[in-house]
Amino acid sequence: MSVLPGIASIAAMALYAAFFLHAESQAQVLGLVALGVVGVPVLARVGWIARTATSLEAHPLAARSASVAALAVIIALFHDQHFVMLMLASVLLYSVACLGLTVQFGYAGVVNFAGAAFLGVGGYTSAVFGPHVPHALVLLIGGGLAALVGSILILPILRTRGHYAALITVAFGILFRTFVEVNDALGGPQGLQVKGMNLFGWELNSPLRDLSFYANYVFVGLALAAAAFVLVRRLERSWVGLSLDAVRLDETAAAVFGIDVARWKILAFTCGNFFAGIAGAAYAMMTGFVAPNSFTFGDSLILVSIVLLGGLGSAWGVPLAAGIVLIVPEKLQALQEYRFLLYAMLVIVILLARPQGLIARPAREYFPK
Amino acid sequence: MSEALLSCSGLSVRFGGLVALDALDLEVRSGAILGLIGPNGSGKTTLFNVITGIYRAAGGRAQFSGQDLAGMTPQRIYAAGVTRTFQRSRLALPLSVFDNVMIGNHRRLHHGLWFNLFRRSELRREFESNLAKARALVATFSARLAGRMFDAAGAFSMIDRRRIEICRALVSEPRLLLLDEPSAGMTHEETRELMDDLLAVRSRLPGLSIVIIEHEMNVIERVCERCAVLNYGRKIAEGSYAQVAADRQVQIAYLGTE
């Protein structure tokens, strides 16, 4: 399989993203959305998306380099625009959280409708520990606390399945939001301020030359997303990934072949929450505050919809879908509340054309050439 | 005479008021092939589910190589060397043939998170030796299937899926293999082929005992040294195929009567 379709698609997506981010008038934005709505099904129909996916799978190094290069071009083009840089950093940090959800939901089949709560645990960790502890450590503590808080949910999740397990996570998400809202030590409804990130003396809130300071968070987001991506890929391409899939697909058959269903569900749930916690900690340092209203059930649904739109279990699909889900509604600001209507329709249209998600998860290859 | 590998005595299972197994006594010796026959609902699959730890017995004992199976989890029973196939194929259809076979090899694989994430070269060696092993096993059933180890199991026909399921159950070299209606949904010719391949594998694994639930009498007649007949959860006859087929009670219960 040639590397060309993959590279061409990444270039085309970068170009599209650049136009989209650049578009000023609503006519341009809507035109580009319409192009996407028509273009994706057409490309799917002629088999281009499948070719892109196989091409990228066959040339992982080229795929990664091209993605980073595309990102670098976009950074160069929009380097001084706060909005674009904030969006890019958000997409990358949400990708970290959604890669965690991919491990939970896509691999082990443990649904999590409280993703925003685990982002929130990370965010509040930044607010509370940020002033006292080195920030690299704060990120890890954020992940660790999210994993720890998640362990409260392990017992009920292991005892239930399907919709019931989902409902437990929904309830937990609401519980978390209410808890931080009524808790005055955590700032109540107003939330808390969070200091900007300082990594080993590098103050991220002071801009490098004429770059937006958000560009610094793009770099950190990229590093975190790349690390999460590599870990998730390695996890999938291992006996652990196989066991997680076996648990998701048939718990009884898995148990009969010695697979400890509870162990793998706990592992997936904990890893996923750890990722979400790290992402939440970094995100809060970027935006400078945390408040209960940032961690609603709706925010959890956004995380789940990124995972589904990208393709359940598909690591490449996550950043792509995060881009669509986070950026499109922002660019449709002029439509005011109607933008969510349009955006919801967009997601539905994409899923009608691509029921497996934008990039369907490919078959496991443990050690691709 | 070899020791009993599996022995059940007075084994009972109830679902509410329904008695699925009623004081069943059964022995399987090491290396033997036992056929298990009986009408639908006579408790054959229930017995498999008790042996593999999916159901709990209400009374009696089941022992596998001296260990009491009561209170053992399915995982520990597998580790002790019992594997099975299911009446309605329970493969992981979206996963590849290799993945499905490897699910059966769970106890031989390293599952540490650190090992799987960061010791990739060792994992690669483990992967390669397991791939060679799985391929060789699958090839005894079908060379064509062995050439498509990374295609999704769902892409294959019924007989191929059954082959994959049997390979999944055999790859860990169990001591007791429980086959739940391997011929279901297949033609006579396909069944015959599958049984020949199974016997070929068994000749390489001399200690392997097999219990086979089957409605195809010619399969039972050909592969089983002994068979037991269940009806309403009770064993009504046991012996060679000729003996049980001649049994009046069996004829009434199962083979039909004029």
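Only one residue in A:238, A:212 is in contact with a Leu (Cβ under 7 Å, 6 or more places away or on another chain) and touching a residue at least 60 places away in the same chain (Cβ under 8 Å), so which one is that? Walk me through how you get there before you give the answer.
Working: A:212 fails: in contact with a Leu (Cβ under 7 Å, 6 or more places away or on another chain).
Going through A:238, A:212 in turn, the sole match is A:238.
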- Query: So is residue A:303 at pLDDT 90 or above and part of a loop (DSSP other than H, G, I, E, B) or not?
  - Reply: no
When restricted to A:180, A:121, A:111, the only residue under 19 Å from the mean Cα position of the chain (by Cα), aliphatic (A, V, I, L, M) and either assigned to a helix (DSSP H, G or I) or on the phi > 0 side of the Ramachandran plot (or both) is A:121
In the stretch B:65-79, anything open to solvent by 20 Å² or more (accessible area, probe 1.4 Å), of a type in the set (A, V, I, L, M) and more than 10 Å from chain A (Cβ to nearest Cβ) is listed as B:70
Next item on the list: Go through the residues of the stretch B:47-58 one by one and say whether even a single one is more than 30 Å from residue B:157 (Cα to Cα), out of contact with any Leu (no Cβ under 7 Å at 6 or more places or on another chain) and more than 12 Å from every other protein chain (Cβ to nearest Cβ).
Entry: yes
Of the residues in the stretch A:306-326, those that are outside any helix (DSSP H, G or I) and in contact with a Gly (Cβ under 7 Å, 6 or more places away or on another chain) come to A:311, A:312, A:313, A:314
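For every residue, the table says whether it meets (1) within 30 Å of residue B:28 (Cβ to Cβ); (2) open to solvent by 20 Å² or more (accessible area, probe 1.4 Å); (3) in contact with a His (Cβ under 6 Å, 6 or more places away or on another chain).
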{"position": "B:110", "(1), (2), (3)": "no, yes, no"}
{"position": "B:140", "(1), (2), (3)": "yes, yes, no"}
{"position": "B:154", "(1), (2), (3)": "no, yes, no"}
{"position": "B:159", "(1), (2), (3)": "yes, no, no"}
{"position": "B:169", "(1), (2), (3)": "yes, no, no"}
{"position": "B:181", "(1), (2), (3)": "yes, yes, no"}
{"position": "B:185", "(1), (2), (3)": "yes, yes, no"}
{"position": "B:192", "(1), (2), (3)": "yes, yes, no"}
{"position": "B:195", "(1), (2), (3)": "yes, no, no"}
Among (1) within 14 Å of chain B (Cβ to nearest Cβ); (2) surrounded by fewer than 18 Cβ atoms within 10 Å (Cβ to Cβ), residue A:342 falls short only on (1)
Residue B:62 passes all but one of the listed conditions (1) assigned to a loop (DSSP other than H, G, I, E, B); (2) more than 8 Å from chain A (Cβ to nearest Cβ); (3) over 19 Å from residue B:215 (Cα atoms); the exception is number (1)
Quiz item: Within the stretch A:139-152, can one find any residue that is open to solvent by 60 Å² or more (accessible area, probe 1.4 Å), out of contact with any helix residue (DSSP H, G or I) (no Cβ under 6 Å at 6 or more places or on another chain) and among the β-branched types (Val, Ile, Thr)?
Solution: yes
Condition set more than 7 Å from chain B (Cβ to nearest Cβ) and touching a Phe, Trp or Tyr at 6+ places or on another chain (Cβ under 9 Å), scope the stretch A:242-253, selection surrounded by the fewest Cβ atoms within 10 Å (Cβ to Cβ): answer is A:248
Note on the stretch A:270-300: residues surrounded by 24 or more Cβ atoms within 10 Å (Cβ to Cβ) and part of a loop (DSSP other than H, G, I, E, B) are A:295
Check the stretch A:78-99 and report whether any residue there is open to solvent by 10 Å² or more (accessible area, probe 1.4 Å) and polar (S, T, N, Q). yes
In the stretch A:335-369, residues that are of a type in the set (D, E, K, R) and outside any loop (DSSP other than H, G, I, E, B) total 1
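Which residue, of B:125, B:135, B:144, B:148, is more than 18 Å from residue B:201 (Cα to Cα), among the basic types (Lys, Arg) and part of a helix (DSSP H, G or I)? Explain how you work it out, then say what you get.
Values: B:135 fails: more than 18 Å from residue B:201 (Cα to Cα); B:144 fails: more than 18 Å from residue B:201 (Cα to Cα); B:148 fails: part of a helix (DSSP H, G or I).
Step by step, each of B:125, B:135, B:144, B:148 is checked, and only B:125 is more than 18 Å from residue B:201 (Cα to Cα), among the basic types (Lys, Arg) and part of a helix (DSSP H, G or I).
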Just one listed residue, out of B:20, B:32, B:58, is in contact with a helix residue (DSSP H, G or I) (Cβ under 7 Å, 6 or more places away or on another chain) and of a type in the set (A, V, I, L, M), and it is B:20
All-but-one check, residue A:352 against (1) over 21 Å from the mean Cα position of the chain (by Cα); (2) at pLDDT 80 or above; (3) surrounded by 15 or more Cβ atoms within 10 Å (Cβ to Cβ); (4) away from every other protein chain (no Cβ under 14 Å), failing number (3)
ask   = Within the stretch A:159-176, is even one residue assigned to a loop (DSSP other than H, G, I, E, B) and open to solvent by less than 10 Å² (accessible area, probe 1.4 Å)?
value = no
Next on the checklist: Going by what's in this entry, would residue B:84 be described as among the charged types (D, E, K, R), at the interface with chain A (Cβ under 7 Å from one of its Cβ atoms) and open to solvent by less than 10 Å² (accessible area, probe 1.4 Å)?
Outcome noted: yes
Note to self: Looking at the stretch B:196-208, can you tell me whether even one residue there is within 14 Å of chain A (Cβ to nearest Cβ) and part of a loop (DSSP other than H, G, I, E, B)?
What the structure shows: no
With the first residue restricted to the stretch B:101-120 and required to be more than 7 Å from every other protein chain (Cβ to nearest Cβ), and the second required to be open to solvent by less than 20 Å² (accessible area, probe 1.4 Å), Cβ contacts under 6 Å at 6 or more apart or on different chains are B:101/B:134; B:101/B:167; B:101/B:168; B:101/B:171; B:105/B:171; B:105/B:172
When the stretch A:326-340 is checked residue by residue, the ones that are in contact with a helix residue (DSSP H, G or I) (Cβ under 8 Å, 6 or more places away or on another chain) and without any contact (Cβ under 8 Å) to a residue 24 or more places away in the chain are A:329, A:333, A:339, A:340
The condition of being closer than 17 Å to residue A:8 by Cβ and not hydroxyl-bearing (Ser, Thr, Tyr) holds, among A:72, A:66, only for A:66
How many residues of the stretch B:14-59 are more than 23 Å from residue B:226 (Cα to Cα) and not charged (D, E, K, R)? The answer is 11
How many residues of the stretch B:221-231 are hydrophobic (A, V, I, L, M, F, W, C), in contact with a helix residue (DSSP H, G or I) (Cβ under 6 Å, 6 or more places away or on another chain) and not in a strand (DSSP E or B)? The answer is 1
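The values are calculated or read from the model by the stated rules, or taken from the named source; none is laboratory data. Computed from a predicted model, the values in this text were never measured in an experiment. Note that we place each Cβ from the backbone using ideal geometry, even for glycine, and neighbour counts take in every protein chain shown. Just the protein is used for accessible areas: all its heavy atoms, side chains included, with ligands, DNA and RNA removed. Shrake-Rupley method; radii C 1.70, N 1.55, O 1.52, S 1.80 Å.
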